[in-house]
1. Return one number: the angle in degrees, 0 to 90 and rounded to the nearest 10, between the long axis of the Cα atoms of helix A:365-380 and the longest principal axis of the Cα atoms of chain A.
2. Of all DSSP beta bridges located in the protein assembly as shown, what percent are antiparallel, nearest 5?
3. Over chain A, what is the percentage of antiparallel beta bridges among all DSSP beta bridges, to the nearest 5?
4. Residue A:280 label points, 7 Å along Cα→Cβ, one per copy: pairwise distances from this copy to the rest in nm, shortest first?
5. Return the Cα extents of chain A along principal axes one, two and three, sorted largest first, each rounded to a whole Å.
6. Which of A:27, A:171, B:202 has the fewest other C-beta atoms within 10 Å, and how do the rest follow up to the most?
7. Helix B:57-68 sits at what angle to the longest principal axis of chain B, using alpha carbons and giving 0 to 90 degrees rounded to 10?
8. Tell me whether region A:269-331 comes out rounded, prolate or oblate; compute the Cα gyration tensor, take square roots of the eigenvalues as a ≥ b ≥ c, and use a/c under 1.5 as the rounded threshold.
């Protein structure tokens, strides 16, 4: 048995005002090619296939198209669960009809049966467990005492384990936050006011656990419990991630463990952070990598920089945000006066704080005098003057 | 070949503040039973299966469940097109995968191939034509001059006809307003500022045309061009409709025509209009049919009726609206003063018009005096009085 494990496609997501649908279609073309080339026995998609419960219509079309290519054109079975971003009912539409074509969509917890797929060395049971709120697990038989995600997962997995066919490999497909995992800015926390985390120990008994939710590809307490990571980088704090999909193989290891090989997909545009002085960023773009990537610029100039976004966008058309290195390093200054009621401070005091935050140093006496002359002129202008 | 023709399910629709989902599930249970009992060769659903482009999740679940019962449990092929209420992309999700299980969902115009189904006397070609705006037809080859629905339909049907397999029966499944049809209040017009209508003559060459859009079951210019009508009564002006689904059979007529037999489904609650004096409606409910139907009450009392809705609802829990027979008969009065700026009229003038609309006669001098005394008291009450 060899299958591809992927998750967190977030189809229909926007990134700083740009639709990522073309980017998603671009890497999904490669994904379908990879699945066909590797002649995998299955594809597993561990939740958050859409970015929201009601995805845009073109995201629906894209998913339908990708699933058709996998299931119909290449005859590769697909196991797909709903994540916390998906609508359980919408993801599950047509489930029993799709199943007969090898497309196993599980949105709600109403069915816990395994999907048995044929590997090269016999059948493997896949257990698709869509994302569930603890309240759903509480409604299951014996689940009355469930109060958090860890107990919910533990309770549901005990039920799944009790139905295990012996002498089978068992693969769990789930969407959860395994405690200790490395989070990214683009994930939506599962629990407000609590960790929402589950310990890796709840997954005892499964030969492989194909997880979704965390966007960085990573192991979760064990080599056989893994996040595939998201399809693309969905925030700038993921710029350093190596996004990939995981090829999981059971045959090759003498100890019975699986082998997991990451396969990188080439994004249409990478998500990167570039850093430098304005003059270098503007004149020496070739030093900063592909100009059309999705970029965040860290500007290291000491002095004031006017209209940085517009000027840089002439060189870097997909520049999405700018930061000032000095500002990022020191953070906003909160001085004694700043901590109080800002309405009691004079315009000069307020601007002095702002200047310090932006420049990392106090303004000079000459700068203060220039500011005060300008504001006086503004405030004293006649109400019908050109300034108003 | 014998198949059931239905349309305009509008799953997820609300009726005067009540969800109709249970009512829809109730008749769809009967529909599935009918299809199984009659052992039909196909089910045709001619659009507006949902009430809106993004239907509620429980409506999605209901449709999925009904389709599964038809296609998987009873092995009856289904041909379903998007109507003007549906989202073409969402309806079409998974289409090529579903097709292999006999579920033929067509949302967009991207494919015009026929669905060939086996009848008792050979194959029949079903041509699913989802609802399209004229702009879509204009984008098709040779469609540049299309400006309205009639031209769009004509253009698309010419393309379909040009691919006709000879010696086959041809059934068109379409969602359109055929000119001359009888409209209902619960339909959404296809065209603003124009009829949006197509003449029956465009359907030349088809053995049967299974239409959706109009909610009253009716023929449309020919016995072989028909609306099945909506699943339920969706407005009170449909109270007198006989809602049904159509059993269409090709075998039995010597002249080659089809035989169409309506089958009524029993609604969980009928939609009816009851009429009478308040005293009779309240005391003699048994004379007005099932009390728990969805009702509109026409009240025939001459005098003023206070709190009619609340009092009647104690007897008729699903009373949805009340009308006063006199008011409905005469309509609002627009007298000389009423046609002008209402802000220039005194409270007494305004109330005199209202009184006339409600009662069908002018108020007496004593009534006018009572009104003026009451309003004077209200207007002169001290600002801190109990009236304020």
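1. In chain A, helix A:365-380 runs at an angle near 90 degrees to the longest axis.
2. Details: 38 of 118 bridges.
Around 30 percent of the beta bridges assigned by DSSP in the protein assembly as shown are antiparallel ones.
3. Details: 19 of 59 bridges.
Of the beta bridges lying entirely in chain A, close to 30 percent run antiparallel.
4. Distances to the matching label points in the other copies: 9.4 nm.
5. Taking max minus min along each principal axis of the Cα atoms, chain A gives 85, 50, 44 Å.
6. On the way: A:27 20, A:171 28, B:202 24.
By the 10 Å Cβ count, ascending: A:27, B:202, A:171.
7. With both axes taken from Cα atoms, the answer is about 30 degrees.
8. Working: a/c = 1.76, a/b = 1.45, b/c = 1.21.
Prolate, because a/c is 1.5 or more and a/b exceeds b/c.
Readers should treat all values here as calculations from the given coordinates under stated rules, not as data from a laboratory. What you are looking at is a predicted structure, and each value in this text was computed from that prediction instead of being measured. Cβ coordinates were reconstructed from backbone atoms using ideal geometry, including for glycine residues, and neighbour counts include every protein chain displayed.
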